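Each remark here refers to the structure printed beneath this line.
All of the numbers you see were taken from the coordinates with simple rules; none came from a lab. All values reported here derive from a predicted model rather than from experimental measurement. Cβ coordinates were reconstructed from backbone atoms using ideal geometry, including for glycine residues, and neighbour counts include every protein chain displayed.
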């Protein structure tokens, strides 16, 4: 099946019974969704009494929704009545859709689906909620592998919008389209994907963790500062270390290792020794009380490092037509700090000149490399922001050639514009820019390898992990040429294939260059 062009189909009727196998948090969440959507729902777990406990928990959650006026009393009564525990697999024989949410073990899933295939009617759909295992491999030993599809929800299932509908090599396209339409009827945002390691989200999201871990290992900044930069400058809902602590390092490391192994050791997915050490120590994050942060009672919450207040610079020149310079001008105006501000042209790409110090947007080179290439000594680079007009924090790095006054001048400018300022060690691409470039590159490569289409990857990353905008949308905003330059600069700096550009991204830049040249030729 081509995930870019699924067959159209109607959703399962609400009269169709849905069975969920596995009464853990994920299984219970899926059962809740199906019941609220109006289906009769059977919940089964091999642990005695687990289904009954889960159903009681679901009803408690539904009652809370009624209290918040997000669910009517009638809907509560109907959904509560629709939920039934199943003590044995045989109780599920009338189900038209079975969603498996058991342990992430290939043989366990294969055994379960073989038993279901022998039990259920020929028109019943078999769906796996696996987050990492191959749908093709799970289906391989079925008599009719075409009836198995991936239906990957995100935790907590009632709240997270995304459902990845995953087609294995044998999956029937019409069946996948029915599951897609059913997920839409349940109020979800589904996307089609091909069964490849990590599918969309768990593959494309790897750089969000990997780049943060590398920056920490290189001493670029501490955990709290890097998290604050990604939230307050990059616009992400949670910083990478907060997010890993919430997910659990055992889970997050296992997914990274799974994708790394599945891609035969591709360095883009290389696990981190820092995270492995946490796993080995039992510092698994929130659930164990310690991870990158300390959650134990009485522990002091780590705070990001912000530079001390500095005086407003005597002379500020902002570059005409530069978007970041324009945002700075508006912020300075709002704060009443436009004294001694002038606008000027700049041929070297600088954003501003402040008391003789040049401020540049990062392009994937270190500030030191930028200063050496320009032959000037006073250079500071600033990290990418999602929205410079509203960002709360700015991250900067200072070239090794620069005197201490350079940091003071640029810090004074940014503080006058209302930013908290964090100084990072001089690392190429800083934090937000290199992370966004790698996310966009991985998203582009997923499309290039036909895992999904371009629209699906942005929908998936917004709905599955709550990114402020999709990685391809972000690449379009800052320009594919900029993303490619950042990746090429990182490759030159590290000398590693980890930062190699996706062929699709490079092709886009070449195509746009040719189009621009053609337009210029026509005007001559």
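The distance separating the Cα centre of region 366-380 from that of region 51-68 comes to 60 Å. Hydrodynamic radius of the chain by the Kirkwood approach over all distinct alpha-carbon pairs: 25.2 Å. Using the alpha-carbon positions of region 269-363, Rg (one decimal) and Dmax (whole number) come out as 21.9, 56 Å. The ranking of 58, 200 by Cβ neighbour count inside 10 Å, starting from the fewest, reads 58, 200. Overall, the anisotropy analysis places region 8-85 in the oblate class: the square-rooted eigenvalues a ≥ b ≥ c of its C-alpha gyration tensor yield a/c not less than 1.5, with a/b not exceeding b/c.
Modelled label positions at residue 308 and residue 373, each set 7 Å beyond Cα in the direction of Cβ, lie 3.4 nm from each other. Treating r as the C-beta distance of residue 217 and residue 14 and R0 as 56 Å, the FRET efficiency rounds to 0.60.
Put in order of Cβ neighbour count within 10 Å, fewest first, the listed residues 293, 499, 209 become 293, 209, 499. Approximating the spin labels as points 7 Å out from Cα along Cα→Cβ, the residue 455-to-residue 48 distance works out to 5.2 nm. Subtracting the Cα-Cα distance of residue 184 and residue 75 from 0.36 nm times their residue separation leaves 37.4 nm of extension gain. For region 371-402, backbone nitrogen atoms closer than 14 Å to the point 7 Å from residue 348 Cα along Cα-to-C-beta are found at 371-381, 399-402.
Axis angle, to the nearest 10 degrees, between helix 173-185 and the longest C-alpha principal axis of the chain: 80 degrees. Descending by average beta-carbon neighbour count within 10 Å, the peptides 462-469, 72-79 line up as 462-469, 72-79, the highest first. Here is how the number arises for the chain: DSSP H runs of 4 or more residues each give -39500 (n - 2.57), the sum is divided by the residue count, and the result at 222 nm is -14000 deg cm²/dmol. Only beta bridges with both residues in the chain are counted; by DSSP, about 30 percent of them are antiparallel. Counting only DSSP beta bridges with both residues in region 18-195, the antiparallel share comes to about 15 percent. Calculated FRET efficiency, residue 105 to residue 491, Cβ-Cβ distance, R0 = 51 Å: about 0.85 to the nearest 0.05. Calculated FRET efficiency, residue 392 to residue 143, Cβ-Cβ distance, R0 = 60 Å: about 0.55 to the nearest 0.05. Above 24 Å, the calculated P(r) of region 374-524 contains 45 percent of its Cα-Cα pairs. Computed from Cα atoms, the angle from the helix 432-448 axis to the main principal axis of the chain rounds to 50 degrees. Beta-bridge orientation, region 131-272: approximately 40 percent antiparallel, per DSSP, counting only bridges with both partners inside.
Counting only Cα atoms, region 316-423 measures 35, 26, 24 Å along its principal axes, largest extent leading.
Taking only the alpha carbons of region 18-195, we obtain Rg and Dmax values of 15.3, 47 Å in that order. For the chain, the longest principal axis of the alpha carbon atoms and the long axis of helix 50-67 meet at an angle near 60°. Counting beta carbons within 10 Å around each of 60, 130, 14, 435 and listing the fewest first gives the order 60, 14, 130, 435.
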